[in-house]
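**Q** Here it is: the structure, laid out below.
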Amino acid sequence: MEFECQQSIEVTKDLANCVEDTSLVQIDAIHSNPETESINSEPNHCNSFSEYECQNLEITKPTIECPLSITDLPPALISTIFNSLDPKELGIVSCVSTTLCSVASEHHVWKQFYCERWGLPIVSAPPGVGFSDEKSWKELFVERDFRSRTFLGRYSIDVLYGHTEAVLSVFLLASAKRIFTSGYDSIVRMWDLEEGLLIASSRHLGSTLRAIAADTKLLVAGGTSGFIHCWRATEGLPSLFDLSGSEKENTEFRLWEHEGPITSLVLDLTRIYSGSWDMTVRIWDRALLKCLRVLRHSDWVYGLAPHDTTVACTSGSDVYVWDTNSGTLLSIIYGAHVGNTFSLARSHAGDFLFTGGEDGAIQMFEIINDCDEGDVVQVATWKAHSGSVNSLAFEFPWLVSASGDGKLALIDIRKLLSTTSRSCSRKKVSRVNNVEPPQRMLHGFECNLFSVAIGADRIVCGGEEGVVRIWNFSQALAIEQRALALRGIRLENRLRRRKLQIDMVSKSGRANRCLVAAKKNQISGNQSGVWHNKHEMSGELKA
């Protein structure tokens, strides 16, 4: 740092005593500068100055040429710094100043936060129109995060009747507001999510249907016969799929290569994943309708969860993680549960696995992909059920489990995310010993629950009693919004009354007389107070 000084004035140590304390640091800097050694070496002339001249002597302050705050940094550098913040920290930073609020609110990292948790929004914008024209990514994130809190609020239950036997599989397609169910009665049924009405039913497919999956273009169901029954979406049909086959004959077809019952099905944009009790997982091409790869295991396959180029599978009591392109085994979790591992779920980003087993426990694992040596690390364990965990469903931040004890458990994993490590430079995640119990338990069943799904502020479940139940939490969102609005109105009225009181006191120039009298004349304590003196005076007058 450079300082400017007047060469015509000779500054010495004695002269420093005549100036303010704020100049001491500047003078020390001048003495430490080699350019000022000639000045310091000259004779001391402070004695020749009078006291008046010392007091009126002006010394120029140095000019500091450096940023005073983060707002003085280039916007590109501020944006790079914001990349390392999480949503909560970024929200706090946006409250510091208007400049940071503008940069933080429009930062591209909000899109990353949203997509890592929930993927792209269900309702896409028209071509050429971005989300920023209607809602920013920050507004979308805040709204979705607020909606996720409604699962702790009030709910209503809708019961769907139609199946004649136990319901083994349910699937919730939130984008089309449809529910697909199947079970022991060998029939696939399609329901309206909002109205709870049965839209269509398939013919009798000849075997128990244990797995079902769908998107807006394809519906698949698998059963004990080893067939994968498929329906293509019919263009222009409001219900998407023609399950009865009355519209077009080429919309329904079957895939067959499994040699045992199919227990799990998952769809992505280009592939179909199927798991079976023949101890294999098969990967199919959706366009060619051919099996691309077969992944063989040592025991029955109960569940699978693909993401990008990897797929996680549960076989017996173990969990396998495969590379789908090369077919190589990346990692194995031996003995994830005591007994079979019946259920499996995965986060949208693919970095967290959730397993449920015959022992009634729920395990959480983290998949570390960025490091040189890939690994799966255990994060937490919950003992939420007294029966086997038959199904798991995950939508950030809620993990929902359905058990043989007839209960549903809701687990919020947000607090566990801060304890996990996603960087290779840091140590691996260690097991969390003090894990909170499930935030909510949903009761009301007397028999086994086989399948559960979550989405669109609803939880859908099917079980042994042959009915489908829908827990509707959308009313909780409206109730919470009304409560927040009323709370804001009360706060505004309180601030308005406080402001009026302050204005009245400032205009009158004195405080409330009653308050002053109460402070001076306290009834309790002083027996020789004003009130007693008044009583004595009245007694003397009567005498």
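The values are calculated or read from the model by the stated rules, or taken from the named source; none is laboratory data. Small disclaimer: the values here were computed from a predicted structure and weren't measured. Positions of Cβ are backbone-derived with ideal geometry, glycine not excepted, and every protein chain shown enters the neighbour counts. The accessibility values were calculated without ligands, DNA or RNA, using every heavy atom of the protein model including side chains. Shrake-Rupley method; radii C 1.70, N 1.55, O 1.52, S 1.80 Å.
Matching residues to (1) of a type in the set (A, V, I, L, M, F, W, C); (2) open to solvent by 60 Å² or more (accessible area, probe 1.4 Å); (3) in contact with a helix residue (DSSP H, G or I) (Cβ under 7 Å, 6 or more places away or on another chain); (4) modelled with pLDDT of 85 or more:
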{"residue": "THR99", "(1), (2), (3), (4)": "no, yes, yes, no"}
{"residue": "VAL103", "(1), (2), (3), (4)": "yes, no, yes, no"}
{"residue": "TRP110", "(1), (2), (3), (4)": "yes, no, yes, yes"}
{"residue": "PHE113", "(1), (2), (3), (4)": "yes, no, yes, yes"}
{"residue": "SER132", "(1), (2), (3), (4)": "no, yes, no, no"}
{"residue": "LEU140", "(1), (2), (3), (4)": "yes, no, yes, yes"}
{"residue": "THR150", "(1), (2), (3), (4)": "no, no, yes, no"}
{"residue": "THR164", "(1), (2), (3), (4)": "no, yes, no, yes"}
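**Q** With of a type in the set (Gly, Ala, Ser), touching a residue at least 24 places away in the same chain (Cβ under 8 Å) and surrounded by fewer than 20 Cβ atoms within 10 Å (Cβ to Cβ) as the only criterion, which of GLY236, GLY245, GLY275 stands out?
**A** GLY245
**Q** Here's a follow-up. From the list ARG482, ARG487, ARG458, ARG513, which residue is of a type outside the set (S, T, N, Q), open to solvent by 80 Å² or more (accessible area, probe 1.4 Å) and at pLDDT 85 or above?
**A** Answer to the selection: ARG487.
**Q** OK, next. Does at least one position in region 252-264 carry a residue that is open to solvent by less than 60 Å² (accessible area, probe 1.4 Å), under 29 Å from TRP471 (Cα atoms), more than 34 Å from the chain's Cα centre (by Cα) and of a type in the set (Asp, Glu)? Let's see the steps before the verdict.
**A** Residues of region 252-264 that are open to solvent by less than 60 Å² (accessible area, probe 1.4 Å), as a first pass: 252-253, 255, 258, 260-264.
Going one step further and asking which of them are under 29 Å from TRP471 (Cα atoms), we end up with 262-264.
After this cut, where a residue has to be more than 34 Å from the chain's Cα centre (by Cα) as well, the list is none.
Scanning region 252-264, I find no residue that is open to solvent by less than 60 Å² (accessible area, probe 1.4 Å), under 29 Å from TRP471 (Cα atoms), more than 34 Å from the chain's Cα centre (by Cα) and of a type in the set (Asp, Glu), so the answer is no.
**Q** Within region 349-372, is there a residue that is in a loop (DSSP other than H, G, I, E, B), under 23 Å from LEU152 (Cβ atoms) and hydrophobic (A, V, I, L, M, F, W, C)?
**A** no
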